[in-house]
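Quick notes on the structure that follows.
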Amino acid sequence: MSATAGARKRGKPASGAGAGAGAGKRRRKADSAGNRGKSKGGGKMNEEISSDSESESLAPRKPEEEEEELEETAQEKKLRLAKLYLEQLRQQEEEKAEARAFEEDQVAGRLKEDVLEQRGRLQKSVAKEIQAPASADIRVLRGHQLSVTCLVITPDDSAIFSAAKDCTIIKWSVESGRKLHVIPRAKKGAEGKPSGHSSHVLCMAISSDGKYLASGDRSKLILIWEAQSCQHLYTFTGHRDAVSGLAFRRGTHQLYSTSHDRSVKVWNVAENSYVETLFGHQDTVAALDALSRECCVTAGGRDGTVRVWKIPEESQLVFYGHQGSIDCIHLINEEHMVSGADDGSVALWGLSKKRPLALQREAHGLRGEPGLEQPFWISSVAAVLNTDLVATGSHSSCVRLWQCGEGFRQLDLLCDIPLVGFINSLKFSSSGDFLVAGVGQEHRLGRWWRIKEARNSVCIIPLRRVPVPPAAGS
């Protein structure tokens, strides 16, 4: 056996070139294995880094991680609660400021309306919202045997008083339409104070607090009643002809009356006393109206004038404009009024001008044969206080609603409400929700015509309002 073979057998490294070659081969294998390990290890590390970054960017965070992030110190919690409390206080103060501003706006608006109302310049626009009622919606209250001549509505809109040529007065319930009380005709020659009228009742008025009712008749008498119980209280005498107009001054118990004797009288109902008499008209006075000021307006009938009576100064303003007999008049506000005449015209007046601001001729059309046409007489007018809505009545088989233009310088027709007969009286409710018409077969002041198909009745006409959308850009 050679020395080399023996050395390999004993496990000892061989010396010489062969041993060096073997050692070099083993080192190369180790280096290649190390390089492979490094490359594998480096690949795994790179893969793990890219995987972690993708999971962090795409996967949603767990609630536990959010809770850990939201954990705060006691000082931070106090600071957060303090900020929250301050924010709540700020919101409450803003809400209070808005409420105060709203109330101030309301108060300012109400004060402005009151000032305009006192000056007679308030004109609320409601006419465009009114929708023409259907005939089936009109309630007809039957109870009078002859033509209804006049009516009034209580200030709370709960009851209606109507009077007629049959000398009776009936109190109606607005809600049910039933009779609440009937004041019968007084028998002529009855001893003591009359408990009713013995002749045609031509006019009525009710105080603004609803306490007193006044009625006037052809027998020159004014009867004062307690409105709630319909008990007779006083009788005022002094007129020398038929009492044709009555009105209470708003907010007081001062009563104005006018008569065919051409005079205007002032009474104090609460004290059951006469105050004074004013003269000026040249013919029978047909109607009278009043509001809050210590003055009244009258329609002078055939003398063709409208007069404004200033009671403290004992003076009068005279207005001209109609061609015929002025039979009805109504105040729209403290500075403007509407009147109607038997020449078929309706006029709007301002107290600062002696001529009408607007004049609508043939307001209800013409009647009669071709070539002989005559205008329908205007027998009644009414207006919703401080608004632009006016109603007129005639015997043209309809009640007409009108809109007053800006500044009361124009009168535009809104709609017709069918009603057959003489419309002897018209009254709007205080709220403007309904209109009441007193209908008769004859005119309230005479018997020139008779419409047989008409019903002597009180008609309640509902007025529905449809809000008008604001114009573009307003």
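The values are calculated or read from the model by the stated rules, or taken from the named source; none is laboratory data. Just so you know, these numbers come straight off a predicted model, no measurement behind them. Backbone-built Cβ (ideal geometry, glycine too); neighbour counts: all protein chains shown. SASA here: full protein model, heavy atoms, side chains in, ligands and nucleic acids out. Shrake-Rupley method; radii C 1.70, N 1.55, O 1.52, S 1.80 Å.
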Subject >> Spread of Cα-to-Cα distances over 10 Å intervals beginning at zero, given as percent, for the stretch 334-474 >> reply: 11, 40, 33, 13, 3, 0
**OP:** Take the alpha-carbon positions of the stretch 231-377, form their convex hull, and give its projected area averaged over all directions (one quarter of the hull surface) in nm².
**Re:** 10.0
**OP:** Pop out the Kirkwood hydrodynamic radius of the stretch 339-408 from its pairwise C-alpha distances, inverse of mean 1/r, in Å to one decimal.
**Re:** 12.8
Subject >> Label-point separation in nm, ALA74 to GLU93, each point 7 Å along Cα→Cβ >> reply: 3.0
**OP:** Compute the Rg/Rh shape ratio of the stretch 157-255: radius of gyration over Kirkwood radius, all on alpha-carbon atoms.
**Re:** 0.95
Subject >> Length added when fully stretched, GLN145-ARG409, from 0.36 nm per residue minus Cα-Cα >> reply: 90.9 nm
Original post:
Heavy-atom accessible area per residue, the stretch 126-238, 1.4 Å probe: how many Å²?
Top reply: 46
**OP:** For the stretch 288-341, just the Cα set please: Rg and Dmax, both in angstrom.
**Re:** 10.6, 31
Subject >> Sites SER273 and CYS230, calculated FRET efficiency, Cβ-Cβ separation with R0 25 Å, nearest 0.05 >> reply: 0.65
Subject >> Volume of the Cα convex hull of the stretch 250-307, divided per residue and given in Å³ >> reply: 69
**OP:** Return the carbon/sulfur percentage of the accessible area of the stretch 345-474, one whole number, probe 1.4 Å, all protein chains in place.
**Re:** 49
**OP:** Could you please state how large a percent of the accessible area of the stretch 183-316 is carbon and sulfur, counting protein chains only and using a 1.4 Å probe?
**Re:** 43
Subject >> For the stretch 336-383, accessible area per residue (1.4 Å probe, heavy atoms of protein chains only), Å² >> reply: 42
Subject >> Probe 1.4 Å, accessible area per residue of the stretch 243-332, Å² >> reply: 35
